Amino acid sequence: MSKKITIAIDGYSSTGKSTVAKQLAKELGYIYVDSGAMYRAVTLFAMRKLFVSDTNFDKESIIRHLPFINVKFIFDDELGYGEIYLNDENVEKEIRLLEVSQQVSKVAAIPQVRKKLVKLQQEMGKDKGVVMDGRDIGTVVFPDADLKLFMTASTERRAQRRYNELKERGDKITFDEVLANVKERDHMDTTRDDSPLLKADDAIEFDNSLLDLEEQYEKVLKLVKDKIEAVS
């Protein structure tokens, strides 16, 4: 049996990290963890409590309520991966709304939030055999991961992908709004004081600007298989 490894996939928003991570987990029989969904769930909690909005950011209230926030994944046999639950409520669809996207970087920058979720993420991957994607997986959560990928693509290409996804879901949104959100998130993710988005020194940079999902998957799968063979 091949030795199980830890795969850390970091990168900018809308680079297809979650898509390829899910594909790899299904192919390998690994656990898939969408760390971004965890931050989105905390953000949704804060929005429901009116702690965060376009005009308000009550950081201290968010910190005080962290003990009352329970985030977990429950595996769905039909989907082949786990969906995110916030205090026992499936919020997989709600956390993907643009309104949440517009607030998540602010919430994710709170050190106490990151500390809570990083601890959960490390627990989920303690036995290896895990694919986790996010912003700081290879640098903070699993600095000793066997394989680290850093996903990137042009800003416009990423915005177009996100716009298409939202339109297919029926959201009424303009491309310019999505582009502005992508640029804002890039800025906040790369400039925050705690665990900013960085490419780990030993990560493989993967630009998928000109690749479709199938091409991306095939190239990434080869990297994974080569690494598993090397460590087995």
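A few points about this structure:
- Residue that is within 25 Å of residue 25 (Cβ to Cβ) and exposed (fewer than 14 other Cβ atoms within 10 Å of the Cβ), where the choices are 207, 193, 202, 189: 202
- Residue pairs meeting the criteria (Cβ under 7 Å; at least 6 apart or on separate chains; first within 21 Å of residue 189 (Cα to Cα), in segment 152-169; second open to solvent by 70 Å² or more (accessible area, probe 1.4 Å) and of a type in the set (Lys, Arg)): 155/183
- Checked against the criterion of being in contact (Cβ under 8 Å) with a residue 40 or more places away in the chain and under 23 Å from residue 4 (Cα atoms), segment 82-95 has at least one qualifying residue.
- Residue 179 surrounded by fewer than 16 Cβ atoms within 10 Å (Cβ to Cβ), of a type outside the set (Ser, Thr, Tyr), touching a helix residue (DSSP H, G or I) at 6+ places or on another chain (Cβ under 9 Å) and without any contact (Cβ under 8 Å) to a residue 60 or more places away in the chain: no
- Any hit, segment 150-172, residues being surrounded by fewer than 16 Cβ atoms within 10 Å (Cβ to Cβ), more than 15 Å from the chain's Cα centre (by Cα) and farther than 27 Å from residue 217 by Cβ: yes
- Given (1) open to solvent by 20 Å² or more (accessible area, probe 1.4 Å); (2) farther than 20 Å from residue 133 by Cβ, index of the condition residue 31 fails: (2)
- Single residue of 4, 49 found to be without any contact (Cβ under 8 Å) to a residue 60 or more places away in the chain and open to solvent by 60 Å² or more (accessible area, probe 1.4 Å): 49
- Reported count of residues in segment 60-85, each being surrounded by 11 or more Cβ atoms within 10 Å (Cβ to Cβ), in a loop (DSSP other than H, G, I, E, B) and of a type outside the set (Gly, Ala, Ser), is 3.
- Long-range neighbours under 6 Å by Cβ, at least six apart or interchain, first residue on the phi > 0 side of the Ramachandran plot within segment 18-41, second surrounded by 21 or more Cβ atoms within 10 Å (Cβ to Cβ) and outside any strand (DSSP E or B): none
- Number of residues in segment 210-232 that are closer than 14 Å to residue 151 by Cβ, free of Cβ contacts under 8 Å to residues at least 24 places away in the same chain and surrounded by fewer than 16 Cβ atoms within 10 Å (Cβ to Cβ) equals 3.
- Residues of segment 116-133 satisfying the condition of being touching a helix residue (DSSP H, G or I) at 6+ places or on another chain (Cβ under 9 Å) and open to solvent by 10 Å² or more (accessible area, probe 1.4 Å): 116, 118, 120, 122
The values are calculated or read from the model by the stated rules, or taken from the named source; none is laboratory data. Quick caveat: nothing in here was measured; it's all calculated off a predicted structure. Every residue, glycine among them, receives a Cβ derived from its backbone with ideal geometry; neighbour counts consider all protein chains shown. To get the accessible areas, we keep the full protein, side chains included, count just its heavy atoms, and leave off ligands, DNA and RNA. Shrake-Rupley method; radii C 1.70, N 1.55, O 1.52, S 1.80 Å.
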